[in-house]
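Data block below; observations after.
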Amino acid sequence: MVSSGYYSDRLEQITKMAKDQTGCIEHIECVNWKNLADFEGKYDWVLACSTETSIGLKLPISWLSSQANRLNAKLILDATASIGLESDHEQADVIAYSSCKGLFGLTGAAFVAFNEIPDIPVNSFYLDLQSHIEKRMTGPYHAIASLLDVLPIHSEFREAVVINKKLFCQRMKDYLIFDDAHQPLLCTFITQKLKVINDRSILYKSRANTDGQVVSHLGEIFLGMNAKGEILDNLKLDN
């Protein structure tokens, strides 16, 4: 388990529950992402959150994959905040993600992509992957349907995020916490608190207790290629 913030902590909680309920997990080890390259051991899986929105951190998937390979383990990702925005998801063995954020659809649909069908039985109708494969229940089709109009022009929405991210990092270059390699497109973590000038902008509220500010870059995706980052004009340092 790679510890990187609130959402990786949630993965740890879910994994511990699965360990208690299924008896199929022998041992869980949690290691801070900064120490992963020096970590040794024998494990079946490396579990990580590739974009940790709670602190605006990106763990490059190619790097996570190389660490999993080094440990002779498979890689499973919470890709909710990276899918549609970051690269190299195909290097993971299992990814889980949603219909919102980087896919720009409605919230509500959850997806799992995998290389191999699991062979461990799950004593739960809903959590059994086969139940979903065979469509034994009604899915979140309204959220899935929202992607119908989004995906054909996804690249335009993504470009709006890129524009906003680049401009924000230029303006806040003196307050950035992470280097370029660890900067996700979705959001940015800075050392200073911000405030909005008017109600045209709503600040992202991180689930983590941070001293700085995490800013989301989804505010102008409706403008697509025409985005200019003007929404950032509504933000100022709170000092």
Tell me the mean residue ellipticity at 222 nm calculated for the chain from its helices only (DSSP H runs of n ≥ 4, each -39500 (n - 2.57), averaged over every residue, nearest 500). -8000 deg cm²/dmol
At Leu127 and Ile28, where each label point lies 7 Å from the Cα along Cα→Cβ, what is the point-to-point distance in nanometres? 1.1
Using the number of other C-beta atoms within 10 angstrom as an exposure proxy, rank Phe178, Phe189 with the fewest first. Phe178, Phe189
Where the centroid of each part is defined by its Cα atoms, how far is the range 120-194 from the range 60-87 in Å? 15
As an exercise, use a Förster radius of 30 Å and the Cβ-Cβ distance of Phe39 and Leu151 to find the FRET efficiency, rounded to the nearest 0.05. 0.20
Assertion target for Val112, Val196, ordered by fewest C-beta neighbours within 10 angstrom first, is Val112, Val196
Using the charge dipole of the range 153-237 (Lys, Arg: +1 at Cβ; Asp, Glu: -1 at Cβ; taken about the Cα centre), state which of Leu203, Leu186, Phe222 has its Cα farthest towards the positive end. Leu203
With the Cα gyration tensor of the range 153-237 in hand, convert its eigenvalues to equivalent ellipsoid semi-axes via √(5λ) and list them largest first in whole Å. 20, 15, 11
Compare Ile177, Ile197, Ile28 in a GNM of the chain, Cα atoms joined below 10 Å, and give the one with the largest fluctuation. Ile197
Counting other C-beta atoms within 10 Å, which of His132, His27 has the fewest, and how do the rest follow? His27, His132
Given unit charges at Cβ for Lys, Arg (+) and Asp, Glu (-), the dipole magnitude of the chain about its Cα centre in debye, nearest 20, is 680
Taking 0.36 nm per residue of separation and subtracting the Cα-Cα distance, what length does fully extending Asp180 through Lys16 add? 55.7 nm
Taking Lys195 as the anchor, which lysines have their alpha carbon closer than 27 Å to its alpha carbon, excluding any fewer than eight residues away along the same chain? Lys58, Lys101, Lys165, Lys166, Lys173, Lys205, Lys228, Lys236
Based on Cβ point charges of +1 for Lys and Arg and -1 for Asp and Glu, what charge dipole magnitude is obtained for the range 114-239 about its Cα centre, in debye rounded to the nearest 20? 460
Here are some values of Rg and Dmax of the Cα atoms in Å: (i) 19.0, 56; (ii) 17.4, 52; (iii) 21.7, 78. Which one was computed from this structure? (i)
Straight-distance crosslink candidates among lysines, where the alpha carbon sits under 20 Å from Lys16 and sequence neighbours closer than 8 are dropped: Lys42, Lys74
Please return the longest stretch of the chain lacking exposed loop sites, where trypsin sites (Lys or Arg not before Pro) count only if DSSP places them in a loop and at most 10 other Cβ atoms lie within 10 Å. 43-134
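Computed from the coordinates by the stated procedures, all read-outs in this text should not be read as laboratory data. On a predicted model such as this, the values are computed, not experimentally measured, just so you know. Cβ atoms come from the backbone with ideal geometry, glycine included; neighbour counts cover every protein chain shown.
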